[in-house]
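S.K.: Can you keep this structure in mind? I'll have questions shortly.
The values are calculated or read from the model by the stated rules, or taken from the named source; none is laboratory data. Quick caveat: nothing in here was measured; it's all calculated off a predicted structure. All Cβ positions, even for glycine, are placed from backbone atoms using ideal geometry, and neighbour counts span all protein chains on display.
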């Protein structure tokens, strides 16, 4: 159970956010910030964002302000105020796990998509497990190390690597990693 403290100047907004958290099931609203695992803050237009200690409590902020500046202030997740319940609960869960969260529209403004699109042969979609294996390949891990990290057999790790190479039309592990970087599957 992830304990979440909600801060919003509007009682209606605070009640709505609390209802979304309660509907999720794994998220429990709490009355005091000191009891929380994650803080959820609604910043209305004109509110001045404050610097937060991301080590004490990961903080998810709903704001139409400048996302990059909010990330610099220490917020763990920055979402537009019109985000839906699914995005909100996913951000809270991710922040509790120690991840940084921004929405796709904000991400695209950070220059991550300034590169020209991959012009090679089309690749097939990878499963979530294959993406996980690809990222471990990018870390330079051998099949045996991948198997150990993912708690799978050496044979299964080898099978995943072969499937990745085939789906990505890659001749080597290094080429698969390069394609993964160009297509955004692996972020630096």
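S.K.: Take the residues in segment 19-43 that are more than 22 Å from the chain's Cα centre (by Cα) and in a helix (DSSP H, G or I), then tell me which one is farthest from residue 58 (Cα to Cα).
M.R.: This residue is 19.
S.K.: If you don't mind, there's one more thing I want to ask. Of all residues in segment 43-62 being touching a strand residue (DSSP E or B) at 6+ places or on another chain (Cβ under 8 Å) and more than 20 Å from residue 98 (Cα to Cα), which is surrounded by the most Cβ atoms within 10 Å (Cβ to Cβ)?
M.R.: This residue is 43.
S.K.: In addition: Before we move on, is residue 78 in a strand (DSSP E or B) and either loosely packed, with under 13 Cβ neighbours inside 10 Å or touching a residue at least 24 places away in the same chain (Cβ under 8 Å) (or both)?
M.R.: Answer is yes for this residue.
S.K.: Sticking with this structure for a sec: Which of the numbered conditions does residue 46 fail, given that it passes all the others? Conditions: (1) without any contact (Cβ under 8 Å) to a residue 24 or more places away in the chain; (2) part of a helix (DSSP H, G or I); (3) over 18 Å from residue 76 (Cα atoms).
M.R.: With (1) without any contact (Cβ under 8 Å) to a residue 24 or more places away in the chain; (2) part of a helix (DSSP H, G or I); (3) over 18 Å from residue 76 (Cα atoms) applied to residue 46, the lone miss is (2).
Rundown of residues vs (1) surrounded by 14 or more Cβ atoms within 10 Å (Cβ to Cβ); (2) modelled with pLDDT of 90 or more; (3) touching a strand residue (DSSP E or B) at 6+ places or on another chain (Cβ under 8 Å); (4) not in a loop (DSSP other than H, G, I, E, B), yes/no style:
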residue	(1), (2), (3), (4)
86	no, yes, no, yes
90	yes, yes, yes, yes
111	no, no, no, no
117	no, no, no, no
121	no, no, no, no
146	yes, yes, no, yes
